[in-house]
Amino acid sequence: MGWIAFFALAAVVLLSALAVWRKWVAPWKDARELADAVVAQRPPRKFLISGNSSARRVGLVLEELMDRRGELEKRVRESESSVETVLGAMLEGLAVVDERRHVRLMNREFRRIFGVADHAAGGTLLELIHNAAVDRLAGEAIRSRDPQTGSIELPRDAGDRLELEVSAVPFDGNSTEMKGAVILFRDVSHFQKVETMRRDFVANVSHELRTPLSILRGYLETLLDDPDQPPGELRRILEIMERHSKRLNALVEDVLSLARLESPGIELNRAEVNLPELLHGIMRDWEKRFAKKQLKSHLNFPGNLPRLLADETRLQELIYNLLDNAVKYSKPGGTVSLRAELAGDSVRISVADQGLGIPPGDLPRIFERFYRADKSRSSELRGTGLGLSIVKHIAQLHGGTVVAESELGKGTTISVVLPVS
């Protein structure tokens, strides 16, 4: 009997221990594992805890926390994605720096401008861009709590320079716990080039107008001081005045033509152009100019030239300017050639002379406004310096291109390639 009582008591103890384990120990062990999984951000084996109502409620709370954290993380990811999309679409470089000028955020354009690698996570502003002026600008914006602006230049390949407008806008504890500044880098190189071109254009036009006007005024003063000039001298003065008045008129016409070609709303009056007929007519118009300088002319084109879809008036202006340059720089007794030929789906129109030629260093710049390859001859040859610039603009408006080939002492060939349609 004693043994039976002992085993019965042992069984009761074991069953009681098992019940205690299942009700009080195992549920809290599961709860601890569940809490560890939530903290470690890994999926738990289960959320439902059995055996203890308190532990079960803890499990349900942890499950709710896990769901809320997942929703918050999703929102954060979406917000970060939106921010990255906006920053990536910006044309300006952007960097966010803290009070100690450590970079907390930068966009793709900032990385491109300053050559910051994609894997570079941060560092100080000075370490990343190596520009003390920007670092001082950011520091002053943070210190004074006022926006600061400035400009910097960065060297680029082939001797070019990148001009940047820099703006530093501070932010402080009113909206966020972190103090610092947002720095924007705007590329203004194009605007600076346009402004330089504008200033050069105005200066060149003023110079080109001043010379003939000064000559006209001088001779007018001569006539006013002594109106009884000998007939021969009077004729010479009037011829000079007429020549310079024509030069003034040509300059004004070229400036107006170039202004019209560069205006944003210009439209071409396109129609089918009979190119052989147009070329024959142009060469007839220029017979007197050729004869006056004792030049021979040559026109050449194949019989299968297609009709060209173009603005005939502008096309004629283009060829006139090319012939004017050829005649101007040709020596007496030389030949001026006008040629048209097929070039794939395009037509190439070329004007060649046997004149002075253009130095290789000047050849890429001859289509710039007022650029003259031979400065010493500019006053003698009396060109406006705008003809080839007009040619380039007319070619580009037709979707074409213009190129120049030249050899010193042997002559120059300028070719315009225009699409047939």
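The values are calculated or read from the model by the stated rules, or taken from the named source; none is laboratory data. This is a predicted model, so every value here is computed, not measured. So basically every Cβ, Gly included, is an ideal-geometry build from the backbone, and we count neighbours across all protein chains shown. For the accessible areas, the whole protein counts, side chains as well, though only heavy atoms, and no ligand, DNA or RNA atoms are used. Shrake-Rupley method; radii C 1.70, N 1.55, O 1.52, S 1.80 Å.
Only one of these is on the phi > 0 side of the Ramachandran plot and at pLDDT below 85: 377, 382, 365. Name it. When all the criteria are applied, what remains is 382.
Among the residues of the range 217-267, those identified as outside any loop (DSSP other than H, G, I, E, B) and of a type in the set (Asp, Glu) are 221, 225, 233, 239, 242, 253, 254, 262.
Identify, please: which residue in the range 306-330 is outside any helix (DSSP H, G or I) and touching a Leu at 6+ places or on another chain (Cβ under 8 Å) and is, among those, farthest from residue 261 (Cα to Cα)? Looking at the filtered set, the residue picked out is 330. Filtering the range 164-214 to residues that are over 30 Å from residue 131 (Cα atoms) and modelled with pLDDT of 80 or more leaves 213, 214. Residues of the range 382-413 being assigned to a loop (DSSP other than H, G, I, E, B) and open to solvent by less than 40 Å² (accessible area, probe 1.4 Å), which ones? 383, 384, 385, 386, 398, 400 - these are the residues of the range 382-413 that are assigned to a loop (DSSP other than H, G, I, E, B) and open to solvent by less than 40 Å² (accessible area, probe 1.4 Å). Exactly one residue among 117, 168, 181 is assigned to a loop (DSSP other than H, G, I, E, B), open to solvent by less than 80 Å² (accessible area, probe 1.4 Å), of a type in the set (A, V, I, L, M) and closer than 20 Å to residue 90 by Cα, and that residue is 117.
Scan the range 331-369 residue by residue and report those that are among the basic types (Lys, Arg) and assigned to a loop (DSSP other than H, G, I, E, B). Even if it seems obvious, please write down each step before you answer.
Filtering the range 331-369 down to residues among the basic types (Lys, Arg) leaves 331, 339, 348, 365, 369.
Passing the criteria: 331, 369.
Please tell me if residue 136 is surrounded by fewer than 13 Cβ atoms within 10 Å (Cβ to Cβ) and part of a helix (DSSP H, G or I). No: the conditions fail for residue 136.
Among the residues of the range 268-312, write down those that are under 24 Å from residue 346 (Cα atoms), in contact with a strand residue (DSSP E or B) (Cβ under 9 Å, 6 or more places away or on another chain) and surrounded by fewer than 11 Cβ atoms within 10 Å (Cβ to Cβ). Correct list: 269, 302, 304. All told, residue 129 falls short of being over 13 Å from residue 97 (Cβ atoms), open to solvent by less than 90 Å² (accessible area, probe 1.4 Å) and in contact with a Phe, Trp or Tyr (Cβ under 7 Å, 6 or more places away or on another chain).
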